[in-house]
Amino acid sequence: MANPAQEKGVLLCVDDEIIVLTALKDQLRRAFGNDFHIDVAESAEEALELLDELSEQGHRLLVIVSDWLMPGMKGDEFLVEAHRRFPTVVKIMLSGQAQQEAVDRAKREAGLHEFLAKPWNAAELVETINQGLKDKL
Amino acid sequence: MNDAGLAGRVAELERALEERRRGEELQRALYEIASLSAADRPEHEHYARLHAIVGRLMYAKNFIILTYDAEAGLIRPEYMVDEDESMVSEAFPYGEGISSMVIRTRKPWLLDDALYCALVDTGEIRAPRGLADFHSWMGVPLVAQEKVYGLIVVQSYSSEVTYTQEDLELLTFVASHVAAAVARWKANEELANANAELALSAETLRLLGDIGKDLTGSLDALAICRTMERHFAELLPMDAFGVAMLSPAGDSLDYIHYVEDGVVDESVSYPLDHPTSLAVLTFREDRELTLFNETQLENAPTGTNVAESAPILSAVFRPLIANGRRIGVVTAQSHQADAYDDRALEVFRSAAAYAAIALANAASYAAAEAARRQAAQALAERNQAEAHLVHSEKMAALGQLIAGVAHEINTPIGAIKSSGRNISEAIGGSLLALPALLERLDETDRAAFSDLVTRASEPRPALSTREERVVVRELTARLEALGFAHARHRAGLLVQLQAHHDLDAVLPLLRHEAADEVLDIAHGIATITTNADNINTAVDRVAKIIFALKSFSRFGGVQVWTAADLAEGIETVLTIYQNQIKHGTELVRRYEDLPRVRCLPDELNQVWTNLVHNALQAMENKGTLTVELRRDGDDAVVSIGDTGCGIPEDIRARIFDAFFTTKPAGEGTGLGLDIVRKIIDKHQGRIDVRSEVGVGSTFTVRLPIAGVS
């Protein structure tokens, strides 16, 4: 069994749209693949399970990029929960339609680093993630 | 035989002969008189014949027949032949002259100068000329059936002719027969008059019937006026004609038609307190006004712009009364004086009565027509207002969707943009590094690399992220077991490359010194394929949304009955609402295979939209939306159920009413379900609702598969 400590930090994308996840995964892998492990989840519920799993395995969670409008748990609620468990994680919301109060709540209660609107600009997303990581250091 | 005896005998014979001759003459006279009486009315020739007859019987150089009109108190000479040229054939009043005496006494008179003077002296008669101007005078009354018809007078101015008692008796005898003839004439005349009167009455009645038919056959006031004018012009001397109607406000009389000397005047209105208008006077006093007095007419305004060619000398005004109500006035006028006799007036009155009914009918019809037009207008306005509301409702529904749809489109566009960039970067990164890598691989490894890239490009089963993670985890474990470093990272790449199915085939590559580059470059090449697929998927999504929007925007366009797949329409609506459904709605579809249904697909889309929208709203997007599609006999049945708040019993019956809404003002027009019901009615279908408060509602729509019959 490999030492988890040797494993790279995890960058998690949450979106109910596979097409978004597919695009994001490749994009982020190319930008951060050498430094981070990129993981994806199709719902907030799945993401929370995954977070527990990763945490148990000793992985270091660094970044969460989450959609807002998803079946079941919405992005703001998920980020609040993730923040409760992993306060240091950089949290970014990437959504085509988010209620302002949800964004405000995420900023207030989940330490939201940034809200990005779909369709997103790849360079901007990478820059935002880098900026968030830098702020945490 | 002595001479005297002979002479006496001769004289006797001559007398007898004479008597016989006279008897025969008398006989002939009586026969002729009788034959005269067959005439319908006495003409001059009849009187002349009488004169000739009497002349044969006696000296009758001067012969007068007079008739007596008791009613008028006049004695009229009907026939007069007289030597005295001062005698005038003129009617004179019954009075105290000798003719009047004959009539009064009803007996024949034989007068000479002495008797005449004696009668004057006793006051029996009065002599206008003082003395008798005749020598001998006979006056015999014409009496038949106790009635005095007149008298016959014969007189002599010559002393050579003196009438005898015998002449008087003869004249009396002849007169009795003449009287019978006169009586018969009179009777004949009366009968003829009565017949003529009767014929006239019958003609009048027929005419009035025709007029009535003509008048009441029309419902147009002006046409009625013209018809009345035409008929009157045929029957009466008429140079002006007018009809004035009481104004709707009831305060004035408005001439709706006025023609004088063939010129139609513009309509004039007279207030009911107008001081000189004869029409107003007629109306106010509710009585017929007949005027033959020029000065009275001069004061009366009739037309304003008609320049009278000649003064109006006769006029009749009559109120128009229908159903006991005065509705106007009709007038006929003439340049002739005394133009309107009794019969003309009778015709005028009767026709006016018909006209009143016709005009009242026309007014009722006009009012009904106006009301109908008003109702039609109101209906059109209401339809327009309703159409406007329906449109608003549609726009509101559409507006609510737009934000969601924008998101629906932004998501695939974001993916497309991102995948596009991935592809171009993969080309830049991987393909450029490819030649250098290939140089480091031997033939076998190159073949393995080629296989790796080929397999990566094969169509991949859609794995959920969870499933993929399981596969990655298993592969990680295997790689770790084989002693590979970065097992998790490599496992992730290998799964992306679909290489985990045949791990052995790639093991040589994994053990190669350039293993990391091999995996990166192969993954880069695979990225091109996966991202291209991703773009296709995203484009399909956008296309589907655009199609749904297009179907949506067709609402209200031309409706065409087509055989359509109900599931398709429902899916279109669900696509539009996908965004809202995602908020927390579980969507359950239970579609049975159905034949195509003959329907107005766009209108049905509106039905599904309303029902889906209401369902989502009822459960605030959280719960289960169940859409069922099944067949029941000849019907297609669509039911859309929610697990929302339900519809309280007390309002369940009203939900299909127009303008019924439970939404706050401004959020709903309350037309949604009204429109739904109308559309389903149009399809001869049925909609029912089953609902329980706190449990949910299910709307079930039944549509005949064959379409409307």
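The values are calculated or read from the model by the stated rules, or taken from the named source; none is laboratory data. On a predicted model such as this, the values are computed, not experimentally measured, just so you know. Positions of Cβ are generated from backbone atoms using ideal geometry, with glycine treated the same way; all protein chains shown enter the neighbour counts.
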Qualifying residue in region B:317-338 (condition: within 20 Å of B:Asp261 (Cα to Cα), surrounded by 19 or more Cβ atoms within 10 Å (Cβ to Cβ) and at pLDDT below 85): no
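Evaluate the following for B:Glu25: is it of a type in the set (D, E, K, R), surrounded by 13 or more Cβ atoms within 10 Å (Cβ to Cβ), assigned by TED's automatic domain parsing to the domain that holds B:Gln155 and under 30 Å from B:Ala194 (Cα atoms)? Don't jump to the end; show me each part of the working.
Details: of a type in the set (D, E, K, R): yes; surrounded by 13 or more Cβ atoms within 10 Å (Cβ to Cβ): yes; assigned by TED's automatic domain parsing to the domain that holds B:Gln155: yes; under 30 Å from B:Ala194 (Cα atoms): no.
So B:Glu25 fails the test.
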Select, from B:Val120, B:Val54, the only residue that is surrounded by 19 or more Cβ atoms within 10 Å (Cβ to Cβ) and either out of contact with any Gly (no Cβ under 9 Å at 6 or more places or on another chain) or in the same structural domain as B:Ser35 (by TED's automatic domain parsing) (or both). B:Val54
Filtering region B:615-641 down to residues that are among the acidic types (Asp, Glu) and without any contact (Cβ under 8 Å) to a residue 40 or more places away in the chain, which residue is farthest from B:Asn605 (Cα to Cα)? B:Glu620
Among the numbered criteria (1) more than 10 Å from chain B (Cβ to nearest Cβ); (2) part of a loop (DSSP other than H, G, I, E, B); (3) under 22 Å from A:Asp135 (Cβ atoms), which one does A:His59 miss? (1)
Tally time: how many residues in region B:206-244 are among the polar types (S, T, N, Q) and either outside the structural domain of B:Glu260 (by TED's automatic domain parsing) or in contact (Cβ under 8 Å) with a residue 40 or more places away in the chain (or both)? 2
Checked region B:183-205 for anything in contact with an Asp or Glu (Cβ under 9 Å, 6 or more places away or on another chain) and touching a residue at least 40 places away in the same chain (Cβ under 8 Å); matches are B:Trp185, B:Asn188, B:Glu189, B:Ala192, B:Thr204
Among B:Arg41, B:Arg15, B:Arg49, the single one that is of a type in the set (D, E, K, R) and part of a loop (DSSP other than H, G, I, E, B) is B:Arg41
Subset of region A:69-121 (residues that are without any contact (Cβ under 8 Å) to a residue 12 or more places away in the chain and more than 14 Å from every other protein chain (Cβ to nearest Cβ)): A:Arg84, A:Glu101, A:Asp104, A:Lys107, A:Arg108
Can you find even one residue in region B:314-328 that is among the charged types (D, E, K, R) and touching a Leu at 6+ places or on another chain (Cβ under 8 Å)? yes
Note on region B:320-343: residues farther than 22 Å from B:Val268 by Cβ, of a type in the set (Gly, Ala, Ser) and assigned to a strand (DSSP E or B) are B:Ala322
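Okay, residues lined up against (1) buried (at least 19 other Cβ atoms within 10 Å of the Cβ); (2) modelled with pLDDT of 80 or more:
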residue: B:Phe656; (1), (2): no, no
residue: B:Glu667; (1), (2): no, no
residue: B:Ile680; (1), (2): yes, yes
residue: B:Thr700; (1), (2): no, yes
Would you say B:Gln165 is crowded, with 20+ Cβ neighbours inside 10 Å and either farther than 18 Å from B:Arg41 by Cα or in contact (Cβ under 8 Å) with a residue 12 or more places away in the chain (or both)? no
Of the residues in region B:401-444 that are of a type in the set (Asp, Glu) and crowded, with 17+ Cβ neighbours inside 10 Å, the one that is farthest from the other protein chains (Cβ to nearest Cβ) is B:Glu408
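Out of B:Leu297, B:Leu345, B:Leu289, report the one residue that is in the same structural domain as B:Ser252 (by TED's automatic domain parsing), at pLDDT below 80 and either over 22 Å from the mean Cα position of the chain (by Cα) or surrounded by fewer than 19 Cβ atoms within 10 Å (Cβ to Cβ) (or both).
Numbers: B:Leu345 fails: at pLDDT below 80; B:Leu289 fails: at pLDDT below 80.
Just one listed residue meets the conditions, B:Leu297.
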Here's a check for you: in region B:564-573, which residue that is hydrophobic (A, V, I, L, M, F, W, C) and crowded, with 20+ Cβ neighbours inside 10 Å is farthest from B:Leu625 (Cα to Cα)? B:Leu566
Inside region B:465-546, counting only helices (runs of 4 or more DSSP H) that do not spill past its ends, which hold 2 or more residues that are under 30 Å from B:Ile576 (Cα atoms)? B:465-481
Which condition number does B:Pro461 fail, the rest of (1) within 14 Å of chain A (Cβ to nearest Cβ); (2) at pLDDT 85 or above being met? (2)
May I ask you to list the residues in region A:19-50 that are crowded, with 23+ Cβ neighbours inside 10 Å, out of contact with any strand residue (DSSP E or B) (no Cβ under 9 Å at 6 or more places or on another chain) and more than 8 Å from chain B (Cβ to nearest Cβ)? none
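For region B:251-292, which fully contained strands (runs of 3 or more DSSP E) count at least 3 residues that are not aromatic (Phe, Trp, Tyr)?
The qualifying strands (runs of 3 or more DSSP E) are B:252-260, B:289-291.
Determine, yes or no, whether A:Asp16 is within 9 Å of chain B (Cβ to nearest Cβ), under 10 Å from the mean Cα position of the chain (by Cα) and within 24 Å of A:Asn121 (Cα to Cα).
Numbers: within 9 Å of chain B (Cβ to nearest Cβ): yes; under 10 Å from the mean Cα position of the chain (by Cα): no; within 24 Å of A:Asn121 (Cα to Cα): yes.
No; evaluated as a whole, the condition is false for this residue.
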Checking B:Gly584, B:Gly556 in turn, the sole residue that is at pLDDT below 85 and out of contact with any helix residue (DSSP H, G or I) (no Cβ under 8 Å at 6 or more places or on another chain) turns out to be B:Gly584
